[in-house]
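Written out below as structure tokens is the structure these notes cover.
Where a number appears in this text, it was derived from the coordinates with a stated rule and is not lab data. This is a predicted model, so every value here is computed, not measured. Every residue, glycine among them, receives a Cβ derived from its backbone with ideal geometry; neighbour counts consider all protein chains shown.
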Amino acid sequence: MKLSVSGRAAAAAVVTATTLLATGSLAGAAPATPAVAAAPDIPVANVKAHLSQLQSIATANGGNRAHGRTGYRASLDYVKAKLDAAGFATTIQQFTSSSRTGYNLIADWPGGDTTRVVMAGSHLDSVTAGPGINDNGSGSAAVLETALAVSRAGLQPTRHLRFAWWGAEELGMVGSRYYVNNLSSTNRSRISAYLNFDMIGSPNPGYFVYDDDPTIEQTFKTYFSGLGVPTEIETEGDGRSDHAPFKNVGIPVGGLFSGADYVKTSAQAAKWGGTAGQPFDRCYHSSCDTIANLNDTALDRNADALAYAVWTLSS
């Protein structure tokens with residue numbers, strides 16, 4: 001999740017285009033296998049395997065995966081290689097912020113109605129202080145594993161599926177804003193839903209659902225209700241993550257969040273477990289946001305909810 005308002009001001013960026021993202025219909029035939037009837041379970045072990053790779057990348061690159069640093073580009077290359085091997089059409093979108101080159105990664109699944117696009121995205125960058133495994137390796141790894149599940153299923157959704165990993169979110173949603181600003185009005189109108197996943201494995205977790213588009217919100221609530229897990233409306237991060245640029249131009253948005261540096265109340269601990277009086281993520285924006293800074297149950301539930309929403313909203 002990005003910096004506070006004061007942090008954003010200190011990190012104000014001037015964005016210039018160096019590469020424009022190609023839009024429009026995709027080449028290639030749709031997969032031949034029929035769509036599955038229901039969303040698959042997303043194995044948390046697979047999600048954590050991606051997170052282990054992101055941790056290793058950070059460790060080998062100065063301890064972080066921040067915008068403009070070698071760890072970020074290595075993270076992007078890891079995700080892109082997985083998607084390319086799974087049959088996605090991938091595009092790297094390049095921009096400049098704070099005098100450093102940044103990148104977005106966009107992955108389209110062939111087929112589906114390209115006039116009705118369902119997107120799921122997350123920011124891939126960390127802060128410079130640490131490896132960013134919960135913030136936001138957790139969202140990035142879950143979006144990646146959901147995309148790979150689409151490929152394994154040979155899914156043929158009615159709507160077109162697009163996945164995205166954003167750069168420079170920690171500087172003020174720079175990458176996602178660049179993407180939205182460079183869409184034509186026609187291509188903006190083709191996005192029927194944008195789902196955002198920023199911090200979904202917090203070690204003292206809550207289960208928060210964005211209070212934005214009613215249909216998307218209810219989709220997530222329905223999933224968690226089926227698990228018997230109560231949810232709360234997410235208020236801490238409204239406008240503080242990559243759904244904001246989409247929302248600002250009228251695109252329906254929604255998403256999930258497991259909590260950052262706010263303190264869990266006694267009432268929240270009573271319904272979710274964990275420790276009252278402690279932050280949802282005590283390692284938020286810190287060097288201890290490592291592979292050890294995760295709650296496997298929250299990561300598993302949120303990854304499965306992500307897949308459920310992708311399958312449901314694209315059908």
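Just a few scattered comments:
- Estimated FRET transfer efficiency (Ala45, Ser225; beta-carbon r; R0 30 Å; 0.05): 0.70
- Kirkwood Rh and Cα Rg combined as Rg over Rh, evaluated for segment 196-239: 0.94
- Distances between every pair of Cα atoms in segment 139-255, grouped in 5 Å steps from 0 to the bin holding the largest one, split as 2, 10, 18, 23, 23, 16, 7, 2, 0 percent.
- Bridges between two residues of segment 47-192, per DSSP, are antiparallel at a rate of about 60%.
- The chain: DSSP helices with Cα axial extent of at least 15 Å and average Kyte-Doolittle hydropathy no lower than -1.0: 44-60, 70-85, 139-153, 214-227, 296-314
- Most fluctuating residue given options Pro252, Pro214, Pro40, as computed from a GNM of the chain linking Cα atoms under 10 Å: Pro214
- Rounded to the nearest 20, the Cβ-based charge dipole of the chain about its Cα centre (Lys and Arg +1, Asp and Glu -1) stands at 560 debye.
- Across the chain, the mean sequence separation of Cα contacts (distance under 8 Å, 6 or more residues apart), normalised by length, yields a relative contact order of 24 percent.
- For the chain, built as a Gaussian network whose Cα springs stay under 10 Å, the top-fluctuating residue of Asp242, Asp84, Asp41: Asp84
- Within the chain, percent of DSSP bridges classed antiparallel, to nearest 5: 50 percent
- Across all C-alpha atoms in the chain, the radius of gyration and Dmax reach 17.8, 54 Å.
- Within the same chain, lysines fewer than 8 places from Lys48 are excluded, and of the rest, those with a Cα less than 27 Å from its Cα are Lys2, Lys80, Lys82, Lys221, Lys264, Lys271.
- The eigenvalues of the Cα gyration tensor, multiplied by 5 and square-rooted, give segment 32-105 an equivalent ellipsoid with semi-axes of 28, 18, 9 Å from largest to smallest.
- Cβ-defined net charge surrounding Thr231, 13 Å radius [Lys, Arg +1; Asp, Glu -1]: -1
- Note on Ser98 and Thr275: their simple-model spin labels are 3.0 nm apart, each label 7 Å out from Cα toward Cβ.
- Computed over the chain, the per-residue total of -39500 (n - 2.57) for DSSP H runs of n ≥ 4 gives a 222 nm mean residue ellipticity of -11000 deg cm²/dmol, rounded to 500.
- Span from the segment 48-65 Cα centroid across to the segment 135-156 one, whole angstrom: 18 Å
- Computed from the C-beta positions of Asp211 and Arg152, the FRET efficiency with R₀ = 41 Å rounds to 0.80.
- A viscosity of 0.692 mPa s and a temperature of 37 °C, combined with the Kirkwood radius over C-alpha pairs in the Stokes-Einstein formula, give segment 208-281 a diffusion coefficient of 248 µm²/s.
- Gaussian network model of the chain, Cα within-10 Å springs - most flexible of Trp165, Trp272, Trp109: Trp272
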